[in-house]
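First comes the structure, then the notes that go with it.
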Amino acid sequence: MTTTTVARDTFRVFGTTAVLLVTEAGALSQARALADAELAAVDQACSRFRPDSELTALNAARGATVTVSELFADLLAAALRAARLTDGDVDPTCGQALAGLGYDRDFDQVRAGGPASLATVPGPVPGWRRVELDDEYRQVRLPAGTGLDLGATAKAWASDHCAGLIAGHLGCGVLVSLGGDLAVAGPGPAEGWRVRVTDDHAAGPEAPGQTVTITEGGLATSSTTVRTWTAGGRQVHHIIDPATGGPARVCWRTVSVAAGSCVDANTASTAAIIRGEAAVSWLDEAGLPARLVRPDGTVVTTAGWPADNTPAVSP
Amino acid sequence: MSGYDVRDAAARRDEGVRTVTKFTWRAGVAGVICSALLGLAFGHHADTQTAQQRQQGILVPSQPPGPGHGAGQVTSGAT
């Protein structure tokens, strides 16, 4: 079998590592330019930590109706769709809950800041159904005191859009990975894109885990072990259970899901972390191939995920 | 009762039975037609709903990931 030569670019964005792969070396710089423009626009729209973002303005609107850009409306619609498809398990109204746990600035700064005290007693989040979005007039209203966080979907949404944009403009095969949320588009390598599924997206290509190939859609991994910090004297992570307003109970260390798009893959992987043991039957019934890793390293797979021939990962 | 009265009463009874029978058949046929129409209408609606729900659900890949060997070109893990 002939192996397609792939050109690669790696850069920092959204406080994480981005990887851009294209099947035509000559297209790499143009692909990067397209990705940079799209990612800058997404960051301007929905960064929770930029004082000039649309999200920051909306969160500070105290119940007033705010007119937003078409891009922000699309990003919010994607977040609300994720909430609806998961019966509210992936809820964008967890911004205050995250801030209450000390995650109120860029994550590198959270870690560098040392242990945080708990600013609020966790409680159920306000709930996605209270977010009013008028698609036609691009108007949004949040109840006063509600903080949006689009982190569960925006990065994956951006991966999908960058990949589609690059393949559409340049006609080559492309893979876009933003912090391990990856999307592919266009005519990819005949053998598929090789993806190492592991705990930490920053780990090397031979880190403990499993190598799989994908040819379409997206693949995302959610984990309770990487984005962690100390708050209120205990280790916490960033995946909020909307029912409690606190970090989801740890049933799975890592969940990776393949879906028709990256945003759907990430929606499912995040929901699976929150659903715990019930995630296995949910993913199976939905026909979503997934790899779930328990804290002790035991692997469970669903819906046609390929067999893992590598030894179990040590915790 | 005269013979004429008996024959007249029997004729009226038979006429009544025919009328009721005719009505019952018409009502039955109308019921069957209405049921078929309702079935078509709601059956189509149910099909549409199912298709919409399928379309609105989480998108499933047309094929699951395949087995891979060696190092990955890229890593999928949490941030």
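Would you check if residue A:282 is more than 21 Å from residue A:88 (Cα to Cα), among the aromatic types (Phe, Trp, Tyr) and within 14 Å of chain B (Cβ to nearest Cβ)?
The answer is no for residue A:282.
Give A:73, A:61, A:112 a once-over and let me know the one that is modelled with pLDDT under 90, more than 16 Å from residue A:241 (Cβ to Cβ) and of a type outside the set (Asp, Glu).
A:112
Give the residue, chosen from A:41, A:64, A:35, that is touching a residue at least 40 places away in the same chain (Cβ under 8 Å) and surrounded by 14 or more Cβ atoms within 10 Å (Cβ to Cβ).
Exactly one residue qualifies, and that residue is A:35.
Does residue A:297 count as more than 27 Å from residue A:126 (Cβ to Cβ) and at the interface with another protein chain (Cβ under 10 Å from one of its Cβ atoms)?
No: the conditions fail for residue A:297.
Modelled with pLDDT of 75 or more and assigned to a helix (DSSP H, G or I): is that true of residue B:60 in this structure?
no
Condition test on residue A:143, is it modelled with pLDDT under 95 and buried (at least 21 other Cβ atoms within 10 Å of the Cβ)?
Taking the combined requirement at face value, the residue does not satisfy it.
Which residue out of A:98, A:58, A:71 is under 25 Å from residue B:59 (Cα atoms) and not in a loop (DSSP other than H, G, I, E, B)?
Criteria check complete, one pass: A:71.
Picking from A:280, A:263, which residue would you name as being modelled with pLDDT of 95 or more and within 22 Å of residue A:179 (Cα to Cα)?
Residue meeting the stated conditions: A:263.
In the range A:240-255, which residues are β-branched (Val, Ile, Thr), assigned to a strand (DSSP E or B) and at pLDDT below 90?
Correct list: A:240 only.
Taking the conditions exactly as written (in contact with a helix residue (DSSP H, G or I) (Cβ under 6 Å, 6 or more places away or on another chain), hydrophobic (A, V, I, L, M, F, W, C) and at pLDDT 95 or above), does residue A:125 satisfy them or not?
No.
Anything in the range A:175-193 that is surrounded by fewer than 24 Cβ atoms within 10 Å (Cβ to Cβ) and facing chain B (nearest Cβ under 7 Å)? List them, or say none.
Selection gives A:192 alone.
Report, ordered by the first and then the second residue, all pairs with beta carbons closer than 6 Å, sequence separation of six or more or different chains, a first member in the range A:242-265 that is within 13 Å of chain B (Cβ to nearest Cβ), and a second member that is among the aromatic types (Phe, Trp, Tyr).
A:263/A:157
If I filter the range A:16-28 for residues that are in contact with a helix residue (DSSP H, G or I) (Cβ under 7 Å, 6 or more places away or on another chain), within 14 Å of chain B (Cβ to nearest Cβ) and surrounded by 17 or more Cβ atoms within 10 Å (Cβ to Cβ), do I get at least one hit?
So far as the range A:16-28 goes, yes, one or more of its residues are in contact with a helix residue (DSSP H, G or I) (Cβ under 7 Å, 6 or more places away or on another chain), within 14 Å of chain B (Cβ to nearest Cβ) and surrounded by 17 or more Cβ atoms within 10 Å (Cβ to Cβ).
The values are calculated or read from the model by the stated rules, or taken from the named source; none is laboratory data. All figures in this text were calculated on a predicted structure; none of them were measured in a lab. Methodologically, a virtual Cβ is constructed for each residue, glycine included, from the backbone with ideal geometry; neighbour enumeration extends over all protein chains shown.
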